[in-house]
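**Student:** Here's a structure for you.
What follows is calculated from the coordinates using simple rules that are stated; it is not laboratory data. Keep in mind that this is a model prediction, so the values were computed, not measured. We place every Cβ from the backbone using ideal geometry, glycine too, and count neighbours over all the protein chains shown.
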Amino acid sequence: MRWGVVRDTLIVEGDFFAISSGVLGGWGRVEHLFNHTIRGWFDDPKEYVKRIANEFGLKRFFGLLTAVPMDKLSVVSVGNVTAFVTAGITNPNERIGTINVIVVVDGEMPESAMINAVITATEAKSFALLKAGLNFTGTSTDAVIVAKTCKGDYYEYAGYVSELGRRIWEAVKRGVTESLSKWKSLDSQHG
């Protein structure tokens, strides 16, 4: 796995099997995962995601959109799990926010464990928000991608009590906390 931020876009490159709740998401084998900071307004999110992918020459991808600037990106690795998090909890126009989480597992697991990993990541995100003193467990446009490399150790489960689940929990919890801390104050946050 390789990753970097280019022109307002986090791009994670590798050979993944992934599940995504984002625009054009679902299940599939992809070579790129991205999280793009939008600038301005657009009419069709699907076309916008396709346009961003095309600009970077990405053919097989899952992409997420956010208003959170990439300088608020947090990248946390715990063992063979890496979480990429952008956390924004207010938007001055619509009073909504976006918390995007991309979890990459350098390993193999069944599809059922991948679904469980989505749950574990969501619970960790919610825990971090509550621990920060907020009174909500997510925002109206949150999205998550869980990807596996299909190489390395095999994990049957990804719930919190499992070895893999604890790593996902810790990486996402720390990622959300760190991304939120990059804002001057929670009240001035945009996302």
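**Student:** Taking square-rooted eigenvalues a ≥ b ≥ c of the alpha carbon gyration tensor, is the stretch 1-44 rounded, prolate or oblate, where a/c under 1.5 means rounded and, failing that, a/b exceeding b/c means prolate?
**Tutor:** oblate
**Student:** If you stretched the chain out fully between Phe56 and Lys131, how much longer would it get, using 0.36 nm times the residue separation minus the C-alpha to C-alpha distance?
**Tutor:** 23.3 nm
**Student:** Please say if the chain is rounded, prolate or oblate, where rounded means a/c under 1.5 for a ≥ b ≥ c the square roots of the C-alpha gyration tensor eigenvalues, and otherwise the choice is prolate for a/b larger than b/c and oblate otherwise?
**Tutor:** oblate
**Student:** While we're here: How would you rank Ile115, Ile168, going from fewest to most other Cβ atoms within 10 Å of each one's own Cβ?
**Tutor:** Going from sparsest to densest Cβ surroundings: Ile115, Ile168.
**Student:** Here is a follow-up. What distance in nm separates the two pseudo spin-label positions at Arg29 and Glu108, each 7 Å out from Cα along the beta-carbon direction?
**Tutor:** Roughly 1.4 nm, to one decimal.
**Student:** For the chain, what is the mean residue ellipticity at 222 nm derived from helices alone (per DSSP H run of n ≥ 4: -39500 (n - 2.57); sum divided by total residues; nearest 500 deg cm²/dmol)?
**Tutor:** Per the formula, -9000 deg cm²/dmol.
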